[in-house]
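Reviewing the structure listed below.
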Amino acid sequence: MTLNFWLKRLYFFIAIWGLSLIMASFVVLSLTNGINTMFWAGIKSIAFRGAINFSSYIIIFSIVIQLLSKRFPLNVRIKPQRLAINIITIFTTTLVFAKINMLLPFPESMIKPSQISYQIALAITFFQCGMTYAIMEIWEIALYNQSLSKSIIELEREKLKTQLLALQQQVNPHFLFNSLNAL
């Protein structure tokens, strides 16, 4: 995994973290009745949680996807083993990070820990993990398709060169024969 690979993952992290922060700010706004100190405390808490969650998801999922790409390379269809490992990875990550999210404190003034059940944390974390993993897997498939497209274009170019060379070889003997005939 190269520096360029992780740089692209960093851009992805910033985009998905920013998007989730924007979406969460609307929820916090409704819980705090306006933009006030409770709102900013909630945003700070969610930004911290999001940074931990999404950076961890991206690192874990990048490693898993790269290992899967080596073991079960993408073809016309996704192999069932790859799909099963994807699902197991999402569920395992969800269980671990839902528990971690329950242990991280919320600002007391905004929401009480007793108000959030483990099932809600599980549902939110499952949504985050599932969406992040799905986007990363789609990204991997898009990169694979892009490399296939480049290969197809290169093969087309080689085919045209070969056809041109064959035509040139067919024309040259006729040209030589016609020239000799004219003499």
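What the table below lists for this structure:
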quantity: Unique match (being at pLDDT below 80 and not polar (S, T, N, Q)) among Gly42, Gly18, Gly50; calculated: Gly42
quantity: Residue in segment 2-23 that is hydroxyl-bearing (Ser, Thr, Tyr) and not in a helix (DSSP H, G or I) present; calculated: yes
quantity: Long-range neighbours under 7 Å by Cβ, at least six apart or interchain, first residue without any contact (Cβ under 8 Å) to a residue 24 or more places away in the chain and under 18 Å from Leu103 (Cα atoms) within segment 43-61, second open to solvent by 10 Å² or more (accessible area, probe 1.4 Å) and in a helix (DSSP H, G or I); calculated: Ile43/Ser25
quantity: Members of segment 50-87 that are surrounded by fewer than 18 Cβ atoms within 10 Å (Cβ to Cβ) and assigned to a loop (DSSP other than H, G, I, E, B); calculated: Phe72, Pro73, Asn75, Val76, Arg77, Ile78, Lys79
quantity: Criterion: modelled with pLDDT of 80 or more and crowded, with 17+ Cβ neighbours inside 10 Å - qualifying residue of Thr94, Thr32; calculated: Thr94
quantity: Filter result for Lys44 (over 30 Å from Tyr144 (Cα atoms), surrounded by fewer than 18 Cβ atoms within 10 Å (Cβ to Cβ) and of a type in the set (Lys, Arg)); calculated: yes
quantity: Subset of segment 135-160 (residues that are of a type outside the set (D, E, K, R), touching a residue at least 12 places away in the same chain (Cβ under 8 Å) and within 18 Å of Ala15 (Cβ to Cβ)); calculated: Ile135, Met136, Trp139
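The values are calculated or read from the model by the stated rules, or taken from the named source; none is laboratory data. This one's a predicted model, so the numbers in the text were calculated from it and none came from an experiment. Using ideal geometry, Cβ is built from the backbone for each residue, glycine included, and neighbour counts are taken over all protein chains shown. Surface areas here come from the heavy atoms of the whole protein model, side chains and all, with no ligands, DNA or RNA. Shrake-Rupley method; radii C 1.70, N 1.55, O 1.52, S 1.80 Å.
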